[in-house]
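Before any comments, here is the structure.
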Amino acid sequence: MDRRRTLAASRTKAEAAHPAGANCRSACGWLALLLAGLVLAACSSVSMGYRGAPTLAGWWIDRQLDLPAAHREALDRALDETHRWHAGAPRQALAAILRDAAQRLERPVNEADLREVIAALEAHADEVSTHFANALLPRLPALDAQELARIDARLAERQRDYAEKRLGKDEKAQQQRRRERTEEAAEDWFGTVSAVQRALVARSIESGAFDDRVWVAERARRQQALVDALRGGLNKVGGTQQAGALQRWFSDWRRDRSAAVSAAIAAQRQASIVLWLDMIEAATPAQRQHLRERLLGWADDLDRAARAVLLAEAKG
């Protein structure tokens, strides 16, 4: 699997695990999405993906933003620094979350279990994203008006592509695509998908709880907030104001989200939790064991990959 396909597969399966959509910082969850996605997506080569995380994340961000050369250099350095940082204690924390999730499968799983594991993964993703922001922003040059216009145009283009992918089909076709994605994720996690589990997926998807329009609108809002933060730094010496606006963008990503959208996202999240809880409850002992072994295997893969990163660092 080449780098682009690895990242695409990670994002697709991670979104399938959460049928409401990729619950991340919209266009720019970036490294946090990549690190969490490679784990949650059960990519067949977690070690390869982890070792190549900076390259994969840099390629994806640049594809979204069409960055000037100086900004891409700053991005690459920040990603490398974040990767080296993550290979130590933060990676151990992520592996511990996965092992804790595996241990919970040794007994009946309830909603509190799922919420606690999800909360731990999201807190980890927030920690990675914050570290990345702190590594990136001091290095980031200020943008001029022409550079900002190019980024704005690229984001608009990517948003149109995203909306077309999410909303370009009728509702029945969208539901079928969600069902297929979710069943693929379930097969990856459980090894097989029973008729009962397929029925659970179909019932959940057909309930209408998952509305892609919410995620298309939320992504557009976040992208506009990013452009506004970048525009706020135009003509400011050293990019200080721009860095401050971007720091707020990273740290307060729910800002200006309407009450209606917040309620819709919370409802979709709850529907996802209920679905996966039902799927686990319907799993056979062999399926539960398969999922447990997958979680433990991902944790072990992360440990091996991180050791390789740290060894390479030590060798210079």
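Residue count for the stretch 175-215, restricted to those that are in a loop (DSSP other than H, G, I, E, B) and either within 15 Å of residue 271 (Cα to Cα) or free of Cβ contacts under 8 Å to residues at least 60 places away in the same chain (or both): 6.
In the stretch 94-109, the residues that are basic (Lys, Arg) reach residues that are assigned to a helix (DSSP H, G or I) with C-beta atoms within less than 7 angstrom, at least six apart or across chains, in these pairs: 99/296; 99/299; 104/113. Summed over the stretch 124-161, residues that are under 19 Å from the mean Cα position of the chain (by Cα) and charged (D, E, K, R) total 4. Of the residues making up the stretch 269-316, those that are more than 23 Å from the chain's Cα centre (by Cα) and small (Gly, Ala, Ser) number 7. Yes or no: the stretch 244-262 includes at least one residue that is surrounded by fewer than 21 Cβ atoms within 10 Å (Cβ to Cβ), modelled with pLDDT of 80 or more and closer than 24 Å to residue 177 by Cα. Scanning the stretch 244-262 turns up at least one residue that is surrounded by fewer than 21 Cβ atoms within 10 Å (Cβ to Cβ), modelled with pLDDT of 80 or more and closer than 24 Å to residue 177 by Cα. Among the residues of the stretch 139-170, write down those that are under 30 Å from residue 86 (Cβ atoms) and exposed (fewer than 12 other Cβ atoms within 10 Å of the Cβ). 161 - this is the single residue of the stretch 139-170 that is under 30 Å from residue 86 (Cβ atoms) and exposed (fewer than 12 other Cβ atoms within 10 Å of the Cβ).
Filtered by the rule that a residue be without any contact (Cβ under 8 Å) to a residue 24 or more places away in the chain and either under 18 Å from the mean Cα position of the chain (by Cα) or not in a helix (DSSP H, G or I) (or both), the stretch 246-268 gives 252, 254, 258, 266. The combined condition, being among the charged types (D, E, K, R) and closer than 30 Å to residue 281 by Cβ, is fulfilled by residue 115.
Please name all residue pairs, on different chains or six or more residues apart, with Cβ atoms under 7 Å, provided the first residue is in the stretch 292-303 and is at pLDDT below 90 and the second residue is crowded, with 21+ Cβ neighbours inside 10 Å and of a type in the set (Val, Ile, Thr). Hits for this filter: 298/39; 298/46; 301/46; 302/46. Reported count of residues in the stretch 163-198, each being polar (S, T, N, Q) and under 21 Å from residue 291 (Cβ atoms), is 4. crowded, with 17+ Cβ neighbours inside 10 Å, of a type in the set (S, T, N, Q) and either at pLDDT 85 or above or touching an Asp or Glu at 6+ places or on another chain (Cβ under 8 Å) (or both): does that describe residue 204? Yes: the conditions hold for residue 204.
Against the list (1) more than 21 Å from residue 313 (Cα to Cα); (2) at pLDDT below 90; (3) surrounded by fewer than 21 Cβ atoms within 10 Å (Cβ to Cβ), the condition residue 112 fails is (2). Selection of first residues in the stretch 119-144 that are closer than 17 Å to residue 230 by Cβ and of second residues that are surrounded by 15 or more Cβ atoms within 10 Å (Cβ to Cβ) and of a type in the set (Val, Ile, Thr), restricted to Cβ pairs under 8 Å at least 6 apart or on distinct chains, gives the following pairs, ordered by first then second residue: 132/82; 143/151. The one condition from (1) of a type outside the set (Phe, Trp, Tyr); (2) assigned to a loop (DSSP other than H, G, I, E, B); (3) over 19 Å from residue 282 (Cβ atoms) that residue 172 does not meet is (2).
The values are calculated or read from the model by the stated rules, or taken from the named source; none is laboratory data. Computed from a prediction, not measured in an experiment: that's the story for all the values here. Cβ: placed from backbone, ideal geometry, glycine included. Neighbour counts: every protein chain shown.
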